[in-house]
Amino acid sequence: MGRPSLPPDQRRSREMWLRVTESEKEAIKESAERAGLSFSEFARRAALGRQIPSMEDRKARLELMKVNGDLGRMEGLLKQAQAICCKEQIARMLKNLEETRELIKTKIQNI
């Protein structure tokens, strides 16, 4: 069982030919691979002025999300320690962690 058929006006059945040099072809192919898109999808988006995702951006977003999760776990541990001792110091650390996590969330949204 395959995916459902598209309506006729949404089927990509037309071909276009484009003349490029070998180095231009390789550069476009490499850019498509970096974006995680097929050659055709990359060329279509570029020609239509649509957004082209960046694999580097995806990787950066994932790394920031991991760091943010680690900071959340650290907050939990500090809250447990706060019940035992050093309440003022830990309260300052928790405030700093919270501010840092908010900054990371903003950065993730901007990527």
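The values are calculated or read from the model by the stated rules, or taken from the named source; none is laboratory data. Given the structure is predicted, the values throughout are model-derived calculations rather than measurements. Every residue, glycine among them, receives a Cβ derived from its backbone with ideal geometry; neighbour counts consider all protein chains shown. Ligands, DNA and RNA are excluded from the accessible area calculation, which covers all protein heavy atoms including side chains. Shrake-Rupley method; radii C 1.70, N 1.55, O 1.52, S 1.80 Å.
Between the residues 35, 2, 110, the greatest Cα displacement towards the positive end of the dipole of the chain, with unit charges on the Cβ of Lys, Arg, Asp and Glu, is found for 2. Rolling a 1.4 Å probe across the protein heavy atoms gives the stretch 11-85 an accessible surface of 83 Å² per residue. Computed over protein heavy atoms with a 1.4 Å probe, the carbon and sulfur contribution to the accessible area of the chain reaches 54%.
Starting from a Cα-only point model with no solvent, please compute log10 I(q)/I(0) by Debye for the chain at q = 0.19, 0.24 1/Å. Scattering profile of the chain, log10 relative to I(0): -1.03, -1.23. Computed over the stretch 54-103, the quotient of the alpha carbon radius of gyration and 2.2 N^0.38 Å is 1.41. The listed peptides 88-100, 4-16, ordered by packing as a protection proxy, come out as 88-100, 4-16 (highest mean of other Cβ atoms within 10 Å first). Of all lysines in the structure, the ones whose alpha carbon falls short of 23 Å from that of residue 79, not counting any fewer than 8 places away in one chain, are 66, 87, 95, 105. Here, the stretch 17-64 is characterised by an Rg to Rh ratio of 1.05, where Rg is the alpha-carbon radius of gyration and Rh the Kirkwood radius. The simple spin-label model puts a point 7 Å past each Cα toward its Cβ; for residue 84 and residue 21 those points are separated by 6.7 nm. A dipole drawn for the stretch 32-105 from +1 and -1 charges on Cβ atoms has a positive end, and of 94, 80, 60 the residue lying farthest that way is 60. Taking the Cα centre of the chain as reference, the dipole from Cβ charges on Lys and Arg (+1) and Asp and Glu (-1) amounts to some 340 debye.
Local charge for residue 60 was computed over the other residues whose Cβ lies under 13 Å away, with Lys and Arg +1 and Asp and Glu -1, and equals +2. Considering only 48, 64, 78, the Gaussian network model of the chain with Cα springs below 10 Å gives its largest mean-square fluctuation to 48. Label separation (residue 59 vs residue 3): 2.7 nm, computed from points 7 Å beyond Cα along the C-beta direction.
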